[in-house]
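Data block below; observations after.
The values are calculated or read from the model by the stated rules, or taken from the named source; none is laboratory data. The structure displayed is predicted, hence computed values, not measured ones. Cβ atoms come from the backbone with ideal geometry, glycine included; neighbour counts cover every protein chain shown. Ligands, DNA and RNA are excluded from the accessible area calculation, which covers all protein heavy atoms including side chains. Shrake-Rupley method; radii C 1.70, N 1.55, O 1.52, S 1.80 Å.
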Amino acid sequence: MPELPEVEITARRLDAALRGARIESALAPGINALKTFDPPLSALDGERIAGVRRIGKHVIVDVGDDLSLLVHLMSAGRLQLYDKRAGLRDRTSAAARAHRRRSRAAPARVRHPPGGVGEAAASRRARARRSAGDARPEAWPDPPDPLGPLLDAPRPLHTLLRDQRVIAGIGRSWVDEILWHAELSPFKRGDQLSEAEARTLRDAIVTTLGDALAHYAQVIQLPIPDKLPMSLQVHRRQGEPCPRCGTTLEAVHYEDYVMTYCPHDQTDDRVLKDRRLSRLLK
């Protein structure tokens, strides 16, 4: 799933290309992607794009004076800009070329002369709606300071940091990187953080996400690639040596994601119980 750095670079690149463009029409061939009926999608027709920005993991397309199109890319969504106008059954705008054989019509498409912007996804897991604003704390560029009170709950840090109701923008990939940089156990509870650990964690959030975005700013241009070159050092690198201390990175496998960590730097040399192996031994 695209997280804060991936959504931020997408919004920046689309903003530079689309700001000031007039919308010819807005279509939703895949009605399952549309999460609002009032105002209707047709309210965008004829309006000009005021800008494209990011809130949390959402892309916000500001239109006219008081409308915003909120897009959540979910796990397989992509926003793409096309030079030519696409029809409802145009396969080139339905999904990235790598997924062409599996793709169908894109769930949402906004046309502007001479081309259009469409959501490209093989599995249609994206959604769009009008935005009414969002007051949740952002993970970047300026998360709450002090951070401790925000995370003061009897829940693991790995869970708290991914909870978009607590802090917006962090997901399964970058949370591993953040906790590794902060040298904190993913299972340490938020209400057990010392003031020093909370400061270290906040610094790790800002630095990790900022460095990821700086990397994308250098290597990502339009058209946005279907798979972004994420500069991950530990996530999904279990079995490899830790880039900092050389200890073998370990992982805990869940049903639909993997949590990676360094035992030496994060868990006092303890290898955490892998739930996948536990199920096999029952």
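Okay, residues lined up against (1) in contact with a Ser or Thr (Cβ under 9 Å, 6 or more places away or on another chain); (2) assigned to a loop (DSSP other than H, G, I, E, B); (3) modelled with pLDDT of 95 or more; (4) surrounded by 14 or more Cβ atoms within 10 Å (Cβ to Cβ):
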| site | (1), (2), (3), (4) |
| --- | --- |
| Pro149 | no, no, yes, no |
| Pro154 | no, yes, yes, no |
| Ser173 | no, no, yes, yes |
| Asp191 | no, no, yes, no |
| Ala196 | no, no, yes, no |
| Val206 | no, no, yes, yes |
| Arg244 | no, yes, yes, yes |
key: Some residue of the range 248-265 being at pLDDT 95 or above, surrounded by fewer than 19 Cβ atoms within 10 Å (Cβ to Cβ) and of a type in the set (D, E, K, R)   = no
ask   = If we scan the range 213-224, do we find a residue that is open to solvent by 60 Å² or more (accessible area, probe 1.4 Å) and within 24 Å of Val258 (Cα to Cα)?
value = no
task = Just give me the residues in the range 30-56 being surrounded by fewer than 18 Cβ atoms within 10 Å (Cβ to Cβ), in contact with a strand residue (DSSP E or B) (Cβ under 9 Å, 6 or more places away or on another chain), in a loop (DSSP other than H, G, I, E, B) and modelled with pLDDT under 80, in sequence order.
result = Lys35, Thr36
ask   = Does Leu201 satisfy being part of a helix (DSSP H, G or I) and surrounded by 17 or more Cβ atoms within 10 Å (Cβ to Cβ)?
value = yes
task = Collect the residues in the range 177-188 that are within 17 Å of Asp269 (Cα to Cα) and either without any contact (Cβ under 8 Å) to a residue 12 or more places away in the chain or in a helix (DSSP H, G or I) (or both), keeping them in residue-number order.
result = Leu179, Trp180, His181, Ala182
